[in-house]
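Data first, discussion second: the structure below is written as structure tokens.
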Amino acid sequence: MKISVVQMNSQGDKAANIATAVRLIKEAAANSPQVIALPEYFSFLSDVNEKMHQSAELFPPDGEGDDAYSTISSLAKELGVTIHAGSIVEKKGNSYYNTTVIFGPEGGDIARYRKIHLFDVDVPGGASYRESDYVARGEEVVTYQVGDVTFGCGICYDLRFPELFRTLRDKGAKVIVLPAAFTLMTGKDHWEVLLRARAIEAQCYVVAPAQVFGHGTGKACFGHSMIIDPWGQVTAMVPDEVGFATATIDLDRVDSVRTKLPVAQHHVLN
């Protein structure tokens, strides 16, 4: 199975961001991947809460699916590929969520994941982030199928919580997709280390499409979108640019690693 990760530098222009995502998806599709994954907040990224809310979309059945939802749905059908659509600000009633939507190759919405762990921290360099000021936390652990392969969902700050990755593995995931907008200051020291650790612990492929550079706000992102195998080796990485990378994942390798190191059978703590 081939998977592509798309790296973006999303700004406060939603139409332009969506157009860039479409272009990169089409370019990646030339490599014939079965799955293409976009980064967190691919359609709009701002540090102004009101603007994030203004970018929000109503998903069916509450609405028809707005710009990002409808565009990626149509593109998945056009290309006949599964698109793991990073994340979009979802409006549901009076609440907002940081939500991944996965579109199957027929264009249908096959899964949704609302980010569970929200990024409320003070990072080195004096910057503060309060994601809970504009979105509510999700509560469901989500998997979905691509053929007979189970994929698991996470978003950005979820990376720091290994219990989520263990739960996804226990629910059958062999691939975990983690779209992110990981900060530059934490990313340079923690991003690759944590991704590799989660892949080793869960004995899964970890697919991590990311935002890169500044966003016309106070936040700069680390980039380095990558795909990591269940032994913790980086098999593909996007350099410091807007672009994509594609890797062929060997699902037999997941089974081999789990057989040789059957850690799932050795857990004694819940």
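What list of ³J(HN,Hα) couplings, whole Hz, do you get for the range 202-215 from phi and the Karplus terms 6.51, -1.76, 1.60, once you set θ to phi - 60° and write x for glycine and proline?
7, 6, 10, 6, 10, 10, 10, x, 9, 7, 9, 6, x, 10
Quick one: putting +1 on the C-beta of Lys and Arg, -1 on the C-beta of Asp and Glu, what dipole do you get for the chain around its Cα centre, in Debye to the nearest 20?
On the way: 25 positive and 33 negative charges, 102 e Å.
Using only the charged Cβ atoms, the result is roughly 480 debye.
Kindly write out, for the range 172-179 in residue order, the coupling ³J(HN,Hα) from the Karplus curve 6.51 cos²θ - 1.76 cosθ + 1.60 (θ = phi - 60°), rounded to whole Hz, with x marking Gly and Pro.
x, 5, 10, 9, 10, 9, 10, x
Ranked by Cβ crowding within 10 angstrom, fewest neighbours first, how are T248, T100 ordered? Please list the in-between numbers first.
Details: T248 12, T100 28.
So the ranking, lowest neighbour count to highest, is T248, T100.
Charges only on Cβ, +1 for Lys and Arg, -1 for Asp and Glu: so what's the dipole of the range 1-109 about the Cα centre, in debye to the nearest 20?
Working: 8 positive and 14 negative charges, 62 e Å.
Using only the charged Cβ atoms, the result is roughly 300 debye.
Considering the dipole of the range 2-265 built from charges on the beta carbon (Lys and Arg +1, Asp and Glu -1) around the Cα centre, which of T150, P209, T100 is farthest to its positive end?
Toward the positive end, the furthest listed residue is T150.
Which GluC sites (Glu not before Pro) from the range 55-101 combine a DSSP loop assignment with at most 15 other Cβ atoms within 10 Å? Write down the numbers at each step before the final one.
On the way: sites: E57, E64, E78, E90; in loops: E64.
Sites meeting the loop and neighbour criteria: E64.
What residues have an amide H closer than 5 Å to that of H117, excluding those fewer than 5 places away on the same chain, when H is modeled at 1.01 Å from N in the peptide plane?
Result for H117 returns D158.
So, by mean Cβ neighbours within 10 angstrom, what's the order for 252-264, 154-166 with the highest one leading? Write out the running numbers ahead of the final one.
On the way: 252-264: 13.6, 154-166: 20.2.
Most protected by this proxy first, the peptides run 154-166, 252-264.
Determine the relative contact order of the range 215-270: mean sequence separation of Cα pairs under 8 Å and six or more apart, normalised by residue count, in whole percent. Mind showing how you got there, number by number?
On the way: 38 pairs, mean separation 12.7, N = 56.
Over the range 215-270, the number comes to 23 percent.
Would you calculate, for the chain, the mean residue ellipticity at 222 nm contributed by helices, counting each DSSP H stretch of 4 or more residues as -39,500 (n - 2.57) and dividing by all residues, to the nearest 500?
Numbers: 6 runs with 73 residues, N = 270.
The helix contribution divided over the chain gives -8500 deg cm²/dmol.
Find how many whole Å separate the alpha carbon centroid of the range 193-267 from the alpha carbon centroid of the range 47-73.
28 Å
For the range 24-29, take each phi angle, set θ = phi - 60°, evaluate the Karplus expression 6.51 cos²θ - 1.76 cosθ + 1.60, and give the result in whole Hz per residue in order, putting x for glycine and proline.
Running phi through 6.51 cos²θ - 1.76 cosθ + 1.60 with θ = phi - 60° gives 5, 4, 5, 5, 5, 4 Hz.
Pop the C-beta distance of E241 and E78 into the FRET formula with R0 = 30 Å and round what comes out to the nearest 0.05.
Values: r = 26 Å, r/R0 = 0.86.
Taking R0 as 30 Å, the efficiency between E241 and E78 is 0.70.
Quote the relative contact order of the chain in percent (integer), defining contacts as alpha-carbon pairs under 8 Å separated by 6+ residues. Walk me through the numbers on the way to the answer.
On the way: 646 pairs, mean separation 54.0, N = 270.
Relative contact order for the chain comes out at 20 percent.
When we measure straight from the Cα of K174, which lysines land under 21 angstrom away, once same-chain ones fewer than 8 places off are left out?
K2, K115, K260
Give me the extension gain from E106 to A15: residue separation times 0.36 nm, minus the current Cα-Cα distance, reported in nm with one decimal.
Details: separation 91, 0.36 × 91 = 32.76 nm, distance 2.37 nm.
That pair, E106 and A15, stretches by 30.4 nm at full extension.
Of F165, A28, H266, which is farthest towards the positive pole of the chain's charge dipole, taken about the Cα centre with +1 and -1 on the beta-carbons of Lys, Arg and Asp, Glu respectively?
H266
Can you give the FRET efficiency for K260 and R166, using 1/(1 + (r/R0)^6), R0 = 25 Å, r = Cβ-Cβ distance, to the nearest 0.05?
Values: r = 18 Å, r/R0 = 0.74.
The value I calculate is 0.85.
Dipole size in debye (nearest 20) for the range 93-185 around its Cα centre, Lys and Arg Cβ +1, Asp and Glu Cβ -1? Working shown, then result.
On the way: 10 positive and 12 negative charges, 33 e Å.
For this selection, approximately 160 debye.
Report, largest value first, the span of the C-alpha coordinates of the chain along each principal axis, in whole Å.
Sorted largest first, the three principal extents are 50, 45, 36 Å.
Which of the aspartates and glutamates could a cross-linker bridge to K92, judged by Cα under 19 Å and excluding same-chain residues fewer than eight apart?
In chain and number order, the partners are E40, E50, E57, D62, E64, D66, D67, D109, E131, D133, E139, E140.
What are the residues whose amide H is under 5 Å from the amide H of C221, where those residues sit 5 or more places off or on another chain and H is modelled from the backbone?
L184, F213, G214
How would T183, T143 line up from fewest to most surrounding beta-carbon atoms within 10 angstrom? Let's see the in-between values first.
Values: T183 24, T143 17.
If I rank by nearby Cβ atoms, fewest first, I get T143, T183.
Which order do peptides 41-51, 204-214, 188-198 fall in by mean Cβ count within 10 Å, highest first? Each step should come with its number before you reach the end.
Details: 41-51: 19.6, 204-214: 25.4, 188-198: 17.6.
Ranked by mean Cβ neighbours within 10 Å, highest first: 204-214, 41-51, 188-198.
Please list, in chain and number order, the residues 5+ apart from A136 or on another chain whose amide H is under 5 Å from its amide H, with Hs placed from the backbone.
Y96, Y97, N98
Taken together, the values in this text are just the output of simple stated rules run on the coordinates, not laboratory data. As the structure is a prediction and not an experimental result, all values here were calculated from the model. FYI the Cβ positions are ideal-geometry reconstructions off the backbone, even for glycines, and counts take in every protein chain you see.
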